[in-house]
Amino acid sequence: MTTLYITGAGVSAESGIPTFRGEDGFWTIGSRNYTPQQMATRTMYEENTTEFLKWYYHRFVTYRHHGPNEVHHWLADKLLVTQNIDGLDGKAGNDDYISIHGRIDKMTKYHVQGEDVEIETAPWGLVDETNLTSSLLELFKISSKGPELNVSLKPFVLLFDEFYTDLYGIGRAQKRMWDASKIVFMGTSFSVNITQMALDIARHKDIPVEVVDPEPTHILHSQVKYFPMTAKEYIAYGKDT
């Protein structure tokens, strides 16, 4: 049996990284003038780059040194697609996982979506927090004109108003979904397109699905089993059964 694991923010909570929709979640804290859903967009990056980069730095980049937890290590030899951008699955030793929404430690040239560009290491270690605005603009090559195509740099993260491309591994992820004989969703609220895509394929193939979450989202599927627990509790449950 080929089991595909699709993970969300709940898996990284044990590592001290906020989930997206909890009380301290990424999507509950915006900037002074904008909601998170307005901030995390390509439009904001293009039209108010300073605000975007400062928000992104404070809300995501400050967690870049956190380490993997027991669940990440358990998933290290599993077939995995993660929605998380924290890179913890790689730190835990999974060399073939797909980070379908990008990585906080990476960046690309600002480009037209769908184009093939190189993924580079982000220069977060060079940021001067005492001169945060000017430092970020300089490091990401943002001129007074704003972001310039194929010149400026952009965090390697899929934003709300962007779409899945092969740069983010969508082709590989879909193949894993079609090849799977079981899909396990861990720590996700089913509120993003990738989980709906996987669920549609599971329905089409009529394969078993497991939903692991303390408050699992109930889904329409003929073969679904719910585990109302954390991912850490789930792997302990598996060892005991």
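The values are calculated or read from the model by the stated rules, or taken from the named source; none is laboratory data. What you see is a predicted model, and the numbers here were worked out from it, not measured in a lab. A quick note on method: Cβ atoms are made from the backbone with ideal geometry, for glycine too, and the neighbour counts reach across all protein chains shown.
Can you tell me how many residues in the stretch 86-118 are of a type outside the set (D, E, K, R) and under 27 Å from ALA231 (Cβ atoms)? Please lay out each step first, then the result.
Taking the stretch 86-118 first, the residues of a type outside the set (D, E, K, R) are 87-88, 90, 92-94, 97-102, 104, 107-108, 110-114, 117.
Going one step further and asking which of them are under 27 Å from ALA231 (Cβ atoms), we end up with 87-88, 90, 92-94, 97-102, 104.
Count: 13.
On the basis of being surrounded by 15 or more Cβ atoms within 10 Å (Cβ to Cβ), at pLDDT 95 or above and farther than 23 Å from PHE60 by Cα, does ARG172 make the cut?
No.
Hey, does the stretch 122-138 have a residue that's under 27 Å from THR7 (Cβ atoms), of a type in the set (Val, Ile, Thr) and surrounded by 13 or more Cβ atoms within 10 Å (Cβ to Cβ)?
So far as the stretch 122-138 goes, no, none of its residues is under 27 Å from THR7 (Cβ atoms), of a type in the set (Val, Ile, Thr) and surrounded by 13 or more Cβ atoms within 10 Å (Cβ to Cβ).
Which is within 19 Å of ALA9 (Cα to Cα) and either assigned to a helix (DSSP H, G or I) or β-branched (Val, Ile, Thr) (or both), of LEU53, LEU80, LEU75?
LEU75
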